[in-house]
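Reading through the structure tokens given below for one structure.
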Amino acid sequence: MTDFSTGVERLLKQIAHWTESRWRGRDDHVHALVQHLADLAADAEGRPRRPVPRLHPMVLPDQLRVMADDLIGSGAPLEGAASLVDETRHRLS
């Protein structure tokens with residue numbers, strides 16, 4: 001859990017202060033990560049997968065935080081999720 005939590009916190013520190021113009025062309029990467037985390041949590045809990053709503057890009061840090069907390073609470077293995085968070089963070093650098 002520590003690697004996943006640490007990676008999420010690093011990504012949030014990287015993106016939380018972004019302006020709307022900074023998000024242009026980058027929001028798809030973060031939304032895809034949020035969707036993947038939501039799918040992993042749904043699978044772990046035996047729930048159907050649902051699409052994460054596409055809201056304004058400025059909401060993505062909050063969506064990421066909520067999905068990360070949901071995934072931790074689901075009991076799903078976090079190693080693969082940690083790698084996805086790190087990959088997303090590096091893509092956005």
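If you count only protein heavy atoms with a 1.4 Å probe, what accessible area per residue comes out for the chain, rounded to a whole Å²?
Result: 58 Å² of accessible area for each residue.
When the solvent-accessible surface of protein heavy atoms is calculated with a 1.4 angstrom probe, in what order do Met67, Met58 fall, highest first?
Order by accessible area, largest first: Met58, Met67.
Assign unit charges at the C-beta atoms only (+1 for Lys and Arg, -1 for Asp and Glu), then state the dipole size of the chain relative to its Cα centre in Debye, rounded to the nearest 20.
Result for the chain is approximately 360 debye, rounded to the nearest 20.
Which values, in whole Å and largest first, are the semi-axes of the equivalent ellipsoid of region 11-81 obtained as the square root of 5 times each eigenvalue of the Cα gyration tensor? All intermediate terms of the calculation are to be shown ahead of the outcome.
Details: eigenvalues 108, 30, 16 Å².
Whole-Å semi-axes of the equivalent ellipsoid: 23, 12, 9.
Which value, in Å to one decimal place, does the Kirkwood hydrodynamic radius take for region 43-93 when every pair of different Cα atoms is included?
12.4 Å
If you filter region 10-93 for trypsin sites (Lys or Arg not before Pro), then keep DSSP loop positions with at most 11 other Cβ within 10 Å, what is left? List each step's numbers first, then the result.
On the way: sites: Arg10, Lys13, Arg22, Arg24, Arg26, Arg49, Arg54, Arg65, Arg89, Arg91; in loops: Arg24, Arg26, Arg49, Arg54.
For trypsin sites (Lys or Arg not before Pro) across region 10-93 that sit outside H, G, I, E and B with at most 11 neighbouring Cβ atoms in 10 Å, the list reads Arg24.
The values are calculated or read from the model by the stated rules, or taken from the named source; none is laboratory data. As the structure is a computational prediction, the values presented were derived from the model and not from experiment. Reconstructed Cβ throughout: ideal geometry from the backbone, glycine too, with neighbour counts over all protein chains shown. Accessible surface is based on the protein model in full, side chains and every heavy atom, while ligands, DNA and RNA are left aside. Shrake-Rupley method; radii C 1.70, N 1.55, O 1.52, S 1.80 Å.
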